[in-house]
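Asks: One structure is given below, represented as structure tokens, and several questions about it will come after.
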Amino acid sequence: MSNQRVSMHGMWSSRTVFVMATIGSAVGLGNIWKFPYITGQYGGGAFVVVYLLCIALIGIPIMMAEILLGRRGRASPISTMGRLAREEGSSPAWSLVGYSGVVAGFLILSFYSVIAGWALAYVFQTAGGALNGVTGESAARLFGDLTGSPVQLMIWHSVFMLMTTMVVARGVRQGLERAVSVLMPVLFVMLLVMVGYAVVEGDFARGFAFLFEADFSRVFQLCTGPAATPECRFTGEPVLVAMGHAFFTLSLGMGAIMAYGAYVPEHASITGATITIAVADTAVALLAGLAIFPIVFASGLEPAAGPGLIFQTLPIAFGNMPGGQWFGTMFFVLLVFAAWSSSISIAEPAVAWLVDTRNWRRAPAAWLVGALAWLLGIASVLSFNIWSGEEYQVFGKTFFELKDFLASNVMLPLGGLLIALFVGYGAARHMALEELAISRQRLFDAWWLVIRYVSPIGIAIVFLNSVGVF
Ligand code: PFF
């Protein structure tokens with residue numbers, strides 16, 4: 001059966017628009033804020049290798065699966081999974097994948113917006129000259145002042161959530177795509193300039209070695225304390241986090257890409273689009289790492305400084321480079337745009353579901369989703385100040401850390417696992433064959449092998465390992 005369905009939410013006008021919008025979803029805080037800080041926490045090179053392996057063996061095949069399911073079903077992820085399961089004679093329980101994606105989306109949005117709020121605050125700080133001449137110490141103080149103030153964080157969190165909701169309410173076609181197709185390439189060029197700055201002013205050799213020299217004894221170790229005298233313990237956590245991040249950075253496992261796939265024109269090549277998206281996303285993350293770690297080492301900062309890493313290092317570059325006030329302002333503006341085009345995709349599965357099964361209009365659906373995520377976000381705001389103490393932690397994690405861990409490292413990989421299993425076992429082979437329309441049979445066979453065996457077994461091993469089964 002060839003796919004004649006049309007999405008009730010609108011369609012992308014071309015394959016290029018789809019690719020740009022999906023790059024907009026993939027490239028965001030995950031690449032520029034999260035990748036450097038977790039790479040710093042989990043010890044550098046070996047973590048990066050595991051992350052790259054996860055992108056290649058799990059991320060890319062599952063992204064192809066999500067897009068093909070989305071295009072086949074042409075509805076919100078929940079309806080798509082239900083509809084396809086019915087057509088393929090499988091259990092209706094597969095739509096649980098969609099529901100878990102909606103929950104994961106709320107969890108992610110509720111901290112994503114707070115971090116994007118930091119970037120917004122830095123636009124104004126940088127433009128106002130607050131970063132001029134900063135040192136490592138004063139940059140850390142500035143960051144501490146911001147995160148220590150619940151009021152400021154609430155304001156920026158609210159502004160960013162409003163921005164997100166406004167775009168989601170207007171729908172796919174009138175959204176951010178046009179802006180994103182111009183701004184993402186500019187962000188890319190700015191990152192290149194910052195890598196140039198890191199080469200000249202930073203300790204580039206050490207930063208480069210930290211990112212790319214893999215000490216594999218660190219794959220199963222988590223070290224805390226100062227880099228010179230670390231305390232290390234044996235754990236599967238780095239591998240779990242690297243895999244979780246592969247999902248997070250490619251926006252996989254929660255239906256966001258499936259929702260975007262629903263608006264893809266019929267004859268677009270899914271394989272080509274996926275490779276372009278994954279390469280662009282990975283390149284941005286690696287460039288961010290190359291821009292940041294040389295400054296970390298040159299300024300005597302700790303790579304394992306945590307979520308504040310880029311907000312404590314990049315200001316040093318902006319504060320001391322010629323034209324840094326202007327350049328830094330531009331950079332944070334673009335970071336906000338990158339986060340914005342991601343956050344609208346995080347909300348999309350929930351909104352599309354309210355629209356196509358509950359018959360809501362798009363605008364009220366978007367406002368409801370935005371309001372709920374905003375409320376949940378208050379816990380993330382307080383995690384950095386009033387609720388940062390141990391008495392407010394659960395399993396040794398603040399609410400912010402807990403939501404990130406649960407969504408990125410548990411729900412997204414689990415969602416990805418189920419998506420791989422549905423495509424590989426729950427549906428007939430010819431469904432994938434038809435949708436992917438790969439002309440070279442060998443290439444299809446390789447993907448089929450990976451989606452049925454390599455990705456699911458890989459995810460299962462990482463999970464079992466991290467709960468201590470072996
Ligand atoms: N991929 C985005 C980033 O790297 O910032 C975050 C994200 C977007 C996660 C959409 C999940 C999602 F569905």
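Asks: Kindly indicate the residue of segment 192-250 that is of a type in the set (S, T, N, Q) and under 18 Å from F297 (Cα atoms) and also nearest to the ligand (Cβ to nearest atom) among those meeting that condition.
Replies: T224
Yes or no, residue by residue, for (1) in contact with a Lys or Arg (Cβ under 6 Å, 6 or more places away or on another chain); (2) more than 16 Å from the ligand (Cβ to nearest atom):
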residue: V355; (1), (2): yes, yes
residue: L382; (1), (2): no, yes
residue: N385; (1), (2): no, yes
residue: L406; (1), (2): no, no
residue: I419; (1), (2): no, no
residue: G426; (1), (2): no, yes
residue: W448; (1), (2): no, yes
residue: I451; (1), (2): no, yes
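Asks: Given the conditions (1) open to solvent by 10 Å² or more (accessible area, probe 1.4 Å); (2) farther than 18 Å from L162 by Cβ, which single one is not true for L146?
Replies: It is condition (1) that L146 fails.
Asks: If we scan segment 237-255, do we find a residue that is among the aromatic types (F, W, Y) and either more than 24 Å from the chain's Cα centre (by Cα) or assigned to a loop (DSSP other than H, G, I, E, B) (or both)?
Replies: There is no residue in segment 237-255 that is among the aromatic types (F, W, Y) and either more than 24 Å from the chain's Cα centre (by Cα) or assigned to a loop (DSSP other than H, G, I, E, B) (or both).
Asks: Could you please let me know if V279 is exposed (fewer than 14 other Cβ atoms within 10 Å of the Cβ), more than 16 Å from the ligand (Cβ to nearest atom), of a type in the set (A, V, I, L, M) and in a helix (DSSP H, G or I)?
Replies: So V279 fails the test.
Asks: Follow-up. Residues in segment 242-262: is at least one more than 23 Å from I295 (Cα to Cα), touching a Ser or Thr at 6+ places or on another chain (Cβ under 8 Å) and open to solvent by 70 Å² or more (accessible area, probe 1.4 Å)?
Replies: Within segment 242-262 (the criterion being more than 23 Å from I295 (Cα to Cα), touching a Ser or Thr at 6+ places or on another chain (Cβ under 8 Å) and open to solvent by 70 Å² or more (accessible area, probe 1.4 Å)), the answer is no, since none of the residues qualifies.
Asks: Same structure again: Considering only segment 1-104, give the helices (runs of 4 or more DSSP H) lying wholly within it that have at least 3 residues that are open to solvent by 20 Å² or more (accessible area, probe 1.4 Å) and either within 12 Å of the ligand (Cβ to nearest atom) or modelled with pLDDT under 95 (or both).
Replies: 15-26
Asks: Continuing with this model, one more query. Would you confirm, using the coordinates I've provided, whether T164 is farther than 21 Å from F248 by Cα and either hydroxyl-bearing (S, T, Y) or within 16 Å of the ligand (Cβ to nearest atom) (or both)?
Replies: no
Asks: Would you tally the residues in segment 400-426 being crowded, with 23+ Cβ neighbours inside 10 Å and either at pLDDT below 95 or not polar (S, T, N, Q) (or both)?
Replies: Going through segment 400-426 one residue at a time, the tally reaches 10.
Asks: Something else: Being within 17 Å of G236 (Cβ to Cβ), open to solvent by less than 80 Å² (accessible area, probe 1.4 Å) and over 24 Å from the mean Cα position of the chain (by Cα) narrows it down to one of G389, G458, G468, so name that one.
Replies: Answer to the selection: G468.
Asks: Related question: Mind checking which pairs have a first residue in segment 273-286 that is closer than 21 Å to V50 by Cβ and a second that is part of a helix (DSSP H, G or I) and open to solvent by 30 Å² or more (accessible area, probe 1.4 Å), Cβ under 6 Å, 6 or more apart or different chains?
Replies: From segment 273-286, the pairs are T274/I60; A278/I60.
Asks: Identify the residue in segment 105-137 that is out of contact with any Leu (no Cβ under 7 Å at 6 or more places or on another chain) and open to solvent by 30 Å² or more (accessible area, probe 1.4 Å) and, among all such residues, is farthest from the ligand (Cβ to nearest atom).
Replies: Filtering segment 105-137 for residues that are out of contact with any Leu (no Cβ under 7 Å at 6 or more places or on another chain) and open to solvent by 30 Å² or more (accessible area, probe 1.4 Å), the one farthest from the ligand (Cβ to nearest atom) comes out as G133.
Asks: Only one of G196, G202, G171, G225 is small (G, A, S) and surrounded by 16 or more Cβ atoms within 10 Å (Cβ to Cβ); which?
Replies: G202
Asks: I need the full set of residues from segment 256-275 which are more than 10 Å from the ligand (Cβ to nearest atom), of a type in the set (G, A, S) and in a helix (DSSP H, G or I), in order please.
Replies: Across segment 256-275, the qualifying residues are G261, G272, A273.
The values are calculated or read from the model by the stated rules, or taken from the named source; none is laboratory data. The model shown is predicted, which means the values in this text are computed figures rather than measured ones. Because the Cβ atoms are built from the backbone with ideal geometry, glycine has one as well, and the counts that use them run over all protein chains shown. What goes into the accessible areas is simple: the full protein's heavy atoms, side chains included, and nothing from ligands, DNA or RNA. Shrake-Rupley method; radii C 1.70, N 1.55, O 1.52, S 1.80 Å.
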